Amino acid sequence: MSDPTYSPPKVWKWDTESGGRFSKINRPVAGALEEKELPTGEHPLQLYSLGTPNGVKVTVLLEEILALGHQEAEYDAYLINIGEGDQFGSGFVAANPNSKIPALVDRSTSPATRVFESGAILMYLAEKFDAFLPQEPSARAEVFSWLFWQMGSTPYLGGGFGHFYAYAPEKYEYPIDRFAMEVKRQLDVLDRNLADRRFLSGDEYTIADIATCPWYGSLVLHDLYNAEVFLETKTYLNVVRWATEVEARPGYQRGQRVNRPWAPDGQGLAERHSASDFDSPESPKS
Ligand SMILES: N[C@@H](CCC(=O)N[C@@H](CS)C(=O)NCC(=O)O)C(=O)O
């Protein structure tokens with residue numbers, strides 16, 4: 001509960017649960033909690049993830065790369081249930097010492113290559129398949145600038161605004177004011193950039209759009225955190241226009257269904273092992 005007289009002790013101790021939506025899985029230490037190997041499928045690329053905005057960045061890119069005809073991008077996507085603590089199994093921690101989805105293991109290299117942090121995974125796959133990332137240095141720098149903008153900015157949206165507006169056990173004015181201001185500033189950054197650009201880095205759809213749309217597109221189109229009215233998200237017209245175009249892409253739509261058993265109309269797949277899995281979403285594997 002909020003205590004207006006609270007003053008921090010000299011040394012912080014983890015002796016009480018903070019409350020709120022994620023209090024059961026948050027802890028102040030890293031490392032594995034149990035021995036648990038990860039499953040592996042037949043494809044070189046193994047993805048361990050969940051269909052949150054950070055997770056779907058990777059499945060969208062993989063589906064977009066496959067749509068270009070790169071069959072070597074076929075992948076097995078396994079569900080990591082972060083509510084159940086799957087991210088603290090030893091196999092997952094070996095793939096990502098930060099214990100957060102998404103994590104990728106590429107077994108086409110020897111030894112296998114592990115990649116964690118969604119932005120790093122997008123860069124790895126874009127470079128591996130020479131897709132959705134221009135070669136020309138200036139254009140490439142612009143893509144990286146927007147990709148890193150997303151990676152650096154979104155914790156203020158999710159961990160900041162979203163946490164205090166939607167998940168914290170009480171509504172606290174100070175953090176909601178602080179993060180609402182920052183998120184509106186971020187939306188304005190995007191809106192101004194998209195005023196004379198079709199996509200974030202120019203005329204081409206790139207990994208910068210793939211990283212950013214699952215977060216800011218969901219905010220302006222799908223009432224993420226039930227904040228559409230509070231943040232007046234529909235007034236960022238260029239962001240709405242851009243997100244509508246990005247979300248209409250077939251690869252984007254397929255990617256959004258992966259590792260997302262809760263997707264609407266029974267369209268979600270708990271796991272994905274082949275393109276044909278999209279044809280029978282009503283019986284997702286788990
Ligand atoms: N910067 C990381 C953030 C990943 C992240 O926050 N993942 C969340 C789900 S969206 C997670 O796995 N949370 C589990 C936990 O914190 O224990 C990335 O982009 O990959």
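The values are calculated or read from the model by the stated rules, or taken from the named source; none is laboratory data. This structure is a prediction, so every number in the text was calculated from the model and none was measured. Positions of Cβ are backbone-derived with ideal geometry, glycine not excepted, and every protein chain shown enters the neighbour counts.
Taking region 151-165 as the range and being farther than 14 Å from residue 190 by Cβ, surrounded by 15 or more Cβ atoms within 10 Å (Cβ to Cβ) and not aromatic (Phe, Trp, Tyr) as the test, the residues that pass are 151, 158, 160, 162, 163. All conditions in (1) more than 30 Å from residue 40 (Cα to Cα); (2) crowded, with 20+ Cβ neighbours inside 10 Å; (3) in contact with a Leu (Cβ under 6 Å, 6 or more places away or on another chain); (4) not aromatic (Phe, Trp, Tyr) hold for residue 238, with the sole exception of (2). For residue 148, the test of being within 13 Å of the ligand (Cβ to nearest atom), at pLDDT 95 or above and surrounded by fewer than 19 Cβ atoms within 10 Å (Cβ to Cβ) is passed. If you check residue 238 against the conditions, is it out of contact with any Asp or Glu (no Cβ under 6 Å at 6 or more places or on another chain) and either modelled with pLDDT of 95 or more or not hydrophobic (A, V, I, L, M, F, W, C) (or both)? In short, no. Filter region 28-59 down to residues that are within 11 Å of the ligand (Cβ to nearest atom) and out of contact with any strand residue (DSSP E or B) (no Cβ under 9 Å at 6 or more places or on another chain) and give me whichever is nearest to residue 269 (Cα to Cα). By that ranking, first place goes to 52.
Quick check on my filter: what residues within region 50-77 are touching a residue at least 12 places away in the same chain (Cβ under 8 Å), farther than 17 Å from residue 123 by Cα and of a type in the set (Gly, Ala, Ser)? Correct list: 51, 67, 77. All of 138, 110 fail the test of being surrounded by fewer than 22 Cβ atoms within 10 Å (Cβ to Cβ) and in a helix (DSSP H, G or I), apart from 138. Take the conditions (1) near the ligand (Cβ under 10 Å from one of its atoms); (2) of a type in the set (Val, Ile, Thr); (3) not in a loop (DSSP other than H, G, I, E, B); residue 25 misses just one of them, which is (3). Only one entry in 223, 209, 177, 191 is out of contact with any helix residue (DSSP H, G or I) (no Cβ under 9 Å at 6 or more places or on another chain) and at pLDDT 95 or above, namely 177. Of the residues making up region 234-272, those that are polar (S, T, N, Q) and closer than 18 Å to residue 209 by Cα number 4. Close Cβ contacts (under 7 Å, 6 or more residues apart or on different chains) running from residues in region 78-100 that are more than 19 Å from residue 119 (Cα to Cα) to residues that are within 8 Å of the ligand (Cβ to nearest atom) and at pLDDT below 95 comprise 82/25; 83/25; 85/25. So residue 62 passes all but one of these: (1) within 14 Å of the ligand (Cβ to nearest atom); (2) in contact with a helix residue (DSSP H, G or I) (Cβ under 8 Å, 6 or more places away or on another chain); (3) closer than 29 Å to residue 250 by Cβ. Which condition number does it fail? Unmet for residue 62, out of (1) within 14 Å of the ligand (Cβ to nearest atom); (2) in contact with a helix residue (DSSP H, G or I) (Cβ under 8 Å, 6 or more places away or on another chain); (3) closer than 29 Å to residue 250 by Cβ: (1). Looking only at residues that are touching a strand residue (DSSP E or B) at 6+ places or on another chain (Cβ under 8 Å) and of a type in the set (S, T, N, Q) in region 100-134, which one is farthest from the ligand (Cβ to nearest atom)? The qualifying residue farthest from the ligand (Cβ to nearest atom) is 108.
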